[in-house]
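Presented below is the structure to which this report refers.
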């Protein structure tokens with residue numbers, strides 16, 4: 001039987017110098033496929049707001065949507081660690097509110113939650129961890145703060161900002177985070193953070209020196225129309241699906257599909 005990935009597995013991978021492979025997942029079928037392929041961590045990201053619901057930011061999705069997607073992913077996953085993004089305003093009000101909502105994610109199958117922010121969320125992280133809930137941090141470009149940051153820009157470009165991010169990473173580690181996502185920061189800073197803290201770093205737009213990498217799966221497989229410098233497309237599913245649908249339309253219109261092999265006689269009882 002394939003070994004189940006846990007938070008301790010990720011720490012061991014960092015210690016051994018082995019990379020951690022992560023992808024987003026939002027539904028049963030995709031989670032099942034990625035899990036079977038061998039992805040280490042599946043993040044039920046609040047990026048579902050963008051790639052599934054068509055919003056321009058992650059802010060509109062709430063607990064109802066995130067719990068439903070998390071449950072679907074958890075049901076499909078046997079090996080990977082399932083981490084749920086805590087949506088906007090599900091943890092900012094108070095540590096008690098965060099604990100209540102984080103607990104709901106674990107009840108539907110998540111094995112950890114992810115929270116954005118640095119020093120401002122330390123008390124919350126400590127409370128969740130002390131209650132038995134693993135927490136993944138998220139520094140750099142934090143999409144839930146997009147309006148405060150002035151857009152989806154490269155973060156930590158000044159010396160002062162880089163020192164703050166490093167200190168925040170150390171503080172999150174001390175608060176009990178088992179890993180930290182570093183998003184859209186200079187690769188030199190990501191390298192320094194990765195070498196400084198003992199817990200794994202997971203990069204997205206943060207260069208090759210992080211302990212692991214994560215991408216939104218629709219971006220990585222070319223299904224998204226948005227193109228990002230930090231994304232490598234491993235397939236062009238948009239064109240493949242588009243061509244297949246055009247072929248389907250053509251065959252239905254011309255009476256080619258369904259053929260006899262896709263039809264049933266009166267005495268057939270096969271599926």
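The values are calculated or read from the model by the stated rules, or taken from the named source; none is laboratory data. The shown structure was predicted, so the numbers you read here are calculated from the model rather than taken from an experiment. When we count neighbours, we look across all protein chains shown, and the Cβ atoms used for this are built from the backbone with ideal geometry, even at glycine.
Of the residues making up segment 98-120, those that are in contact (Cβ under 8 Å) with a residue 40 or more places away in the chain and part of a helix (DSSP H, G or I) are 104, 119. The condition of being surrounded by fewer than 24 Cβ atoms within 10 Å (Cβ to Cβ) and either at positive phi or in a loop (DSSP other than H, G, I, E, B) (or both) holds for only one of 57, 64, that being 57. Flag set for residue 129, criterion: assigned to a helix (DSSP H, G or I) and touching a strand residue (DSSP E or B) at 6+ places or on another chain (Cβ under 7 Å). Evaluate the following for residue 70: is it part of a helix (DSSP H, G or I), modelled with pLDDT of 95 or more and under 16 Å from residue 216 (Cα atoms)? Considered against the rule, which asks whether it is part of a helix (DSSP H, G or I), modelled with pLDDT of 95 or more and under 16 Å from residue 216 (Cα atoms), residue 70 comes out as yes. Here is a check on your reading of the model: is residue 144 out of contact with any strand residue (DSSP E or B) (no Cβ under 9 Å at 6 or more places or on another chain) and surrounded by 17 or more Cβ atoms within 10 Å (Cβ to Cβ)? No.
Of the numbered criteria (1) part of a loop (DSSP other than H, G, I, E, B); (2) at pLDDT 95 or above; (3) over 18 Å from residue 84 (Cα atoms), the one residue 11 fails is (1).
Considering segment 73-97, the residues that are touching a strand residue (DSSP E or B) at 6+ places or on another chain (Cβ under 7 Å) and in a helix (DSSP H, G or I) include one that is farthest from residue 130 (Cα to Cα), namely 73.
Here's a check for you: in segment 14-35, which residue that is part of a helix (DSSP H, G or I) and touching a strand residue (DSSP E or B) at 6+ places or on another chain (Cβ under 8 Å) is farthest from residue 82 (Cα to Cα)? Only one residue tops the list, namely 14.
If you go through segment 165-182 and keep only what is under 14 Å from residue 113 (Cβ atoms) and in contact with a strand residue (DSSP E or B) (Cβ under 6 Å, 6 or more places away or on another chain), you end up with 172, 177, 179, 180, 181.
Could you check, for segment 210-217, whether at least one of its residues is surrounded by fewer than 16 Cβ atoms within 10 Å (Cβ to Cβ) and out of contact with any helix residue (DSSP H, G or I) (no Cβ under 9 Å at 6 or more places or on another chain)? No, there is no match, as no residue in segment 210-217 is surrounded by fewer than 16 Cβ atoms within 10 Å (Cβ to Cβ) and out of contact with any helix residue (DSSP H, G or I) (no Cβ under 9 Å at 6 or more places or on another chain).
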